[in-house]
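The values are calculated or read from the model by the stated rules, or taken from the named source; none is laboratory data. On a predicted model such as this, the values are computed, not experimentally measured, just so you know. In this analysis, Cβ positions are derived from the backbone assuming ideal geometry, glycine residues included, and neighbour counts consider all displayed protein chains. Note: accessible area is taken over every heavy atom of the protein model, side chains too, but ligands, DNA and RNA are not part of it. Shrake-Rupley method; radii C 1.70, N 1.55, O 1.52, S 1.80 Å.
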Amino acid sequence: MRVLLVEDDAALADAIKSYLARKSFKVDHALTLASARSLLPLAKWDAMLLDLHLPDGDGLSLIPTARHRLPTLPIIVLTARDQISDRVRGLDSGADDYLIKPFDPDELLARLRAIERRRSGGATAVVTVGHLVIDLGNMTVSRRDEPVSLTAKEWSLLRVLASRLDRIHLKSSLMEALYSFDDDVGSNTLEVFIYNLRKKLGANSIQNVRGMGYRLNSNDL
């Protein structure tokens, strides 16, 4: 899941990025409205975390631009403004959710996971594919009732593949899930992670649809 964080408090932004990275989320950070506007067209964002008080204006002014480019983009407002009127204004402006600073990072994680479940069309965080059981909430996977240990990058890749079983995932989309803009990316890194996942989950676990992309394969898992 790739998240755009718009927050001018560098220390808070670093804390959010570090926490979500440990949960296999990819987070790109914008300090200002101008920076956020420049980043919006560069990726297929799964969610936006939006501060209201930014150096170059009110964060709510970004919502119409975001909605124009990505009409279904979930937007969670992060703010120290705790008045009911402020919350109503944020929601009326098009935000989907609201978190008052300081907030528990686990609560933020729970809300992002809820977005992920809605996006995948499921009410549960547990996905079963053949002999694989993938728990998106607890970040665990088992094969034939045996736990499988994955690296953070492997888990990020599997999370995307499991989120929409009916979809062929383009290479570009999978690369976006694996890397933020600051990462140094090699040309064949996706194939390396696919290879490693197949070794752990089964040789036929991930199907390569030639010329299109990859998807989880329920056969022979």
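Entry remark, segment 126-172: residues being farther than 10 Å from L216 by Cα, in a loop (DSSP other than H, G, I, E, B) and open to solvent by 70 Å² or more (accessible area, probe 1.4 Å) number 5 in total.
V209 fulfils the conditions (1) touching a strand residue (DSSP E or B) at 6+ places or on another chain (Cβ under 8 Å); (2) of a type in the set (A, V, I, L, M); (3) modelled with pLDDT under 90; (4) within 23 Å of K26 (Cα to Cα) except for a single criterion, (4). Scanning segment 70-88 for any residue that is at pLDDT below 85, within 20 Å of the chain's Cα centre (by Cα), surrounded by fewer than 17 Cβ atoms within 10 Å (Cβ to Cβ) and farther than 19 Å from L20 by Cβ turns up nothing. Within segment 83-106, residues that are among the aliphatic types (A, V, I, L, M) have Cβ atoms under 6 Å from residues that are assigned to a loop (DSSP other than H, G, I, E, B) and open to solvent by 50 Å² or more (accessible area, probe 1.4 Å) in these pairs: I100/D82, counting only partners at least 6 apart in sequence or on another chain. Would you confirm, using the coordinates I've provided, whether V6 is within 22 Å of A114 (Cα to Cα), of a type in the set (V, I, T), at pLDDT 95 or above and buried (at least 18 other Cβ atoms within 10 Å of the Cβ)? In short, yes.
The single condition among (1) farther than 18 Å from G90 by Cα; (2) open to solvent by 30 Å² or more (accessible area, probe 1.4 Å) that L20 does not satisfy is (2).
Just checking, does segment 173-182 include any residue being modelled with pLDDT of 85 or more, part of a loop (DSSP other than H, G, I, E, B) and acidic (D, E)? No, the conditions are met nowhere in segment 173-182. Answer with yes or no whether E116 is within 25 Å of T151 (Cα to Cα) and open to solvent by less than 10 Å² (accessible area, probe 1.4 Å). Answer is yes for this residue. Of all residues in segment 55-69, those being open to solvent by less than 10 Å² (accessible area, probe 1.4 Å) and either β-branched (V, I, T) or farther than 19 Å from I115 by Cβ (or both) number 1. Just checking, does segment 44-52 include any residue being closer than 25 Å to G137 by Cα and loosely packed, with under 14 Cβ neighbours inside 10 Å? Looking through segment 44-52, at least one residue is closer than 25 Å to G137 by Cα and loosely packed, with under 14 Cβ neighbours inside 10 Å. When you check T32 against the structure, is it of a type in the set (S, T, Y), surrounded by fewer than 19 Cβ atoms within 10 Å (Cβ to Cβ) and in contact with a strand residue (DSSP E or B) (Cβ under 8 Å, 6 or more places away or on another chain), yes or no? Yes.
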